[in-house]
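A short write-up of the structure that comes next.
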Amino acid sequence: MDAIRAVKRDIPIQVVFATKAGVLQTREGKVNYEKGDALVTGVDGESWPVYRPRFDSTYTPDPSTPRGENGIYRSVADPVWAVQMQSAFSVALPDEKGTLLGKPGDWLLQYIPGEYGIVGEDIFRKSYTI
């Protein structure tokens, strides 16, 4: 199974910065986050946390949102590696942040070496270009 390059579409997303550490129930599993991390809501109402340093380097605020404030952000067009999985799978997140569970047809994404995510087929098609 070969990975392909995909790029996130220029779609506005809603972001709230965490005021304290917690756990977010994503579609793929529970993910721990720290104070200051971005809690993102995507195209289908799905939510996921993004560690603050990663968020700051991969998202830019909409002109209506001051940088670092809650509001609307857009993804920087960084390509990722993507593989559509044919069977159920799991991905352990770094630093004991949690484990994501994927279903057949979901996409496994590699953002940078050692950093992975899972995106359902429906959301992948709305959110990424190949």
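The values are calculated or read from the model by the stated rules, or taken from the named source; none is laboratory data. Just so it is clear, the structure is predicted and the values come from calculations on it, not from any experiment. No Cβ is skipped: glycine too gets one built from the backbone with ideal geometry, and neighbour counts run over all protein chains shown. Just the protein is used for accessible areas: all its heavy atoms, side chains included, with ligands, DNA and RNA removed. Shrake-Rupley method; radii C 1.70, N 1.55, O 1.52, S 1.80 Å.
Among the residues of the range 1-23, write down those that are aliphatic (A, V, I, L, M), closer than 21 Å to Arg52 by Cβ and at pLDDT 95 or above.
Scanning the range 1-23 gives Val15, Val16, Ala18, Ala21, Val23.
Tally time: how many residues in the range 31-70 are under 17 Å from Tyr128 (Cβ atoms), open to solvent by 40 Å² or more (accessible area, probe 1.4 Å) and not β-branched (Val, Ile, Thr)?
So the count comes out to 2.
Inspect the range 105-114 for any residue being small (Gly, Ala, Ser), in a loop (DSSP other than H, G, I, E, B) and at pLDDT below 95 and give the result as yes or no. Spell out the reasoning first.
So the first thing to find is which residues in the range 105-114 are small (Gly, Ala, Ser), and the list is 105, 114.
From what is left, the residues that are in a loop (DSSP other than H, G, I, E, B) are 105, 114.
From what is left, the residues that are at pLDDT below 95 are 114.
Yes, there is a match, as at least one residue in the range 105-114 is small (Gly, Ala, Ser), in a loop (DSSP other than H, G, I, E, B) and at pLDDT below 95.
Would you point out the residue of the range 88-125, among those that are within 15 Å of Arg54 (Cβ to Cβ) and among the aliphatic types (A, V, I, L, M), that is most open to solvent (accessible area, probe 1.4 Å)?
Only one residue tops the list, namely Ile112.
Inside the range 71-86, can you point out the residues that are over 12 Å from Thr129 (Cα atoms) and either in contact with a Ser or Thr (Cβ under 6 Å, 6 or more places away or on another chain) or assigned to a strand (DSSP E or B) (or both)? Spell out the reasoning first.
Here is the first cut: in the range 71-86, the ones over 12 Å from Thr129 (Cα atoms) are 71-76, 83-86.
Scanning the range 71-86 gives Gly71, Ile72, Tyr73, Arg74, Ser75, Val76, Val83, Gln84.
Name every residue in the range 64-85 that is more than 23 Å from Gly36 (Cβ to Cβ) and modelled with pLDDT of 95 or more, in order of residue number. Write out each step before concluding.
Step one: of the range 64-85, the residues more than 23 Å from Gly36 (Cβ to Cβ) are 77, 79-85.
Within the range 64-85, Trp81, Ala82, Val83, Gln84, Met85 qualify.
Among residues belonging to the range 87-104 that are among the aliphatic types (A, V, I, L, M) and not in a strand (DSSP E or B), point out the one that is nearest to Asn32 (Cα to Cα). It would help to see each step written out before you state the result.
Pass one, the range 87-104, residues among the aliphatic types (A, V, I, L, M): 88, 91-93, 100-101.
So of that shortlist, the ones also not in a strand (DSSP E or B) come out as 88, 93.
Details: Ala88: 22, Leu93: 10 Å.
My answer is Leu93.
Which one is most open to solvent (accessible area, probe 1.4 Å) among residues in the range 5-30 that are among the aliphatic types (A, V, I, L, M) and farther than 17 Å from Thr60 by Cα?
Taking the candidates together, the pick is Val23.
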